[in-house]
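Accompanying notes for the structure given below.
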Amino acid sequence: MNKINYDFKNRTAVVTGGAQGFGLDIAKRFLDSGGKVIIWDIDQKMIEKASNQLNSPNLSSNIVDVSNYNEVEKNVSEITKNTNIDILINNAGITGPTATLWEYDIDMWKKVVEINLMGTFNCCRAIVPNMIKNNYGRIVNVASVAGKDGNANASAYSVGKAGAIGLTKSLGKELADKNIAVNAVTPAGAKTRILDQMTKEHVQRMLSKVPRGRFLEVEEFTSLICWLSSEENTFSTAAVFDISGGRSTY
């Protein structure tokens, strides 16, 4: 796939869940485009592996639990002592177990929503004031087609991602009079480690809904993220961009 070059020079991006999957590829593309990237992840080993793989002086990382607001706020405070945060990619998320709602473990249900929805809220709440002060920002919230359609046996994940879509629409309108764009993306299933958390039956059911007949490639996803995160995106905000291979067309 031919990649369009974006200019992220003099821009600093925070990518949550950046040590693997979508987040890692986004971090790489930002770095290749001249940006500075700060990876937030909770997996120390994956952070070390990602840092070695990306091997860039413009890359830094922190162990951050996005569901813990105090932890998020502390890290934002440290970062903004020296630089502005120009781009926020809320990518951290978990699928949780596959189970019917009435059999879903209550603690796991809460955990999935805490990470997928509250994590997005926490990062936006802590970082947006810096963007307002600088009158510049690009926020992309990684939601899912599950947040549009609802996936059977994935109520917590569907709720968390639906909430992230609602948050995007609300925050985007709150910031519409500033040079800050807030958008969401709704991918269908992709070839990342997150599929390993699901049963084979669940994965096959997801694939059967995609008219393209295949899973999303990570590089295809990153291309959309790059445009939404760039200065070229001067008008779109509070919007939801579908990248589902034709599954969800609304």
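Every number in this text was worked out from the coordinates using simple rules, so none of it is lab data. All of these numbers come straight from a predicted model, not from anything done at the bench. Every residue, glycine among them, receives a Cβ derived from its backbone with ideal geometry; neighbour counts consider all protein chains shown.
Put +1 on the Cβ of each Lys and Arg and -1 on the Cβ of each Asp and Glu in the chain; which of VAL66, LEU224, ASN122 then has its Cα farthest toward the positive end of the dipole?
Of the candidates, LEU224 comes out farthest on the positive side.
Note the full-extension length gain between LYS200 and LYS9 as 0.36 nm times their separation in residues minus their Cα-Cα distance, in nm to one decimal.
64.6 nm
Once you have the Cα-Cα distance between ILE132 and ASN84, take 0.36 nm times their residue separation minus that, and quote the gain in nm to one decimal.
16.2 nm
Would you mind ranking TYR104, TYR250 by Cβ crowding within 10 Å, fewest neighbours first?
TYR250, TYR104
Taking the Cα centre of the range 27-86 as origin, work out the dipole magnitude from +1 charges on Lys and Arg Cβ and -1 charges on Asp and Glu Cβ, in debye rounded to 20.
For this selection, approximately 220 debye.
Please state, as a whole number in µm²/s, the translational diffusion coefficient that the Stokes-Einstein equation yields for the range 81-202 at 10 °C and 1.306 mPa s, with Rh defined as the Kirkwood radius across alpha carbon pairs.
Answer from the Stokes-Einstein relation: 105 µm²/s.
Hey, got a sec? Which trypsin sites (Lys or Arg not before Pro) in the range 60-118 land in a DSSP loop and have at most 16 other Cβ atoms within 10 Å?
For trypsin sites (Lys or Arg not before Pro) across the range 60-118 that sit outside H, G, I, E and B with at most 16 neighbouring Cβ atoms in 10 Å, the list reads LYS81.
What are the radius of gyration and Dmax of the range 23-119, computed over its Cα atoms and given in Å?
Values for the range 23-119 (Cα only, Rg and Dmax): 15.5, 49 Å.
Report the Rg/Rh value for the chain, based on alpha-carbon coordinates and the Kirkwood definition of Rh.
Rounded to two decimals, Rg/Rh equals 0.94.
For GLU232 paired with ASN70, estimate the spin-label separation in nm (one decimal), with each label point 7 Å from Cα along the Cα-to-Cβ line.
4.4
May I ask you to list the aspartates and glutamates whose Cα is less than 17 Å away from that of LYS111, ignoring any residue fewer than eight positions away on the same chain?
Once the sequence-local aspartates and glutamates are set aside, what remains near LYS111 is ASP41, ASP43, ASP65, GLU71, GLU103.
Please state the relative contact order of the chain as a whole percent: Cα pairs under 8 Å, 6+ residues apart?
With pairs under 8 Å counted, the relative contact order is 19 percent.
With a cut-off of 18 Å, note down the residues of the range 227-246 whose backbone N falls inside the zone around a label point 7 Å from the Cα of ARG214 toward its beta carbon.
Within reach of a label on ARG214, which here means backbone N under 18 Å from a point 7 Å along Cα→Cβ, the range 227-246 contributes 243-246.
Take the alpha-carbon centre of the range 1-75, take the same for the range 80-120, and report the distance between them in whole Å.
So the separation of the two Cα centres works out to 17 Å.
Using 0.36 nm per residue, how much length does the chain from ASN62 to LEU101 gain when fully extended, once their Cα-Cα distance is taken away?
Fully extending the segment from ASN62 to LEU101 adds 10.6 nm.
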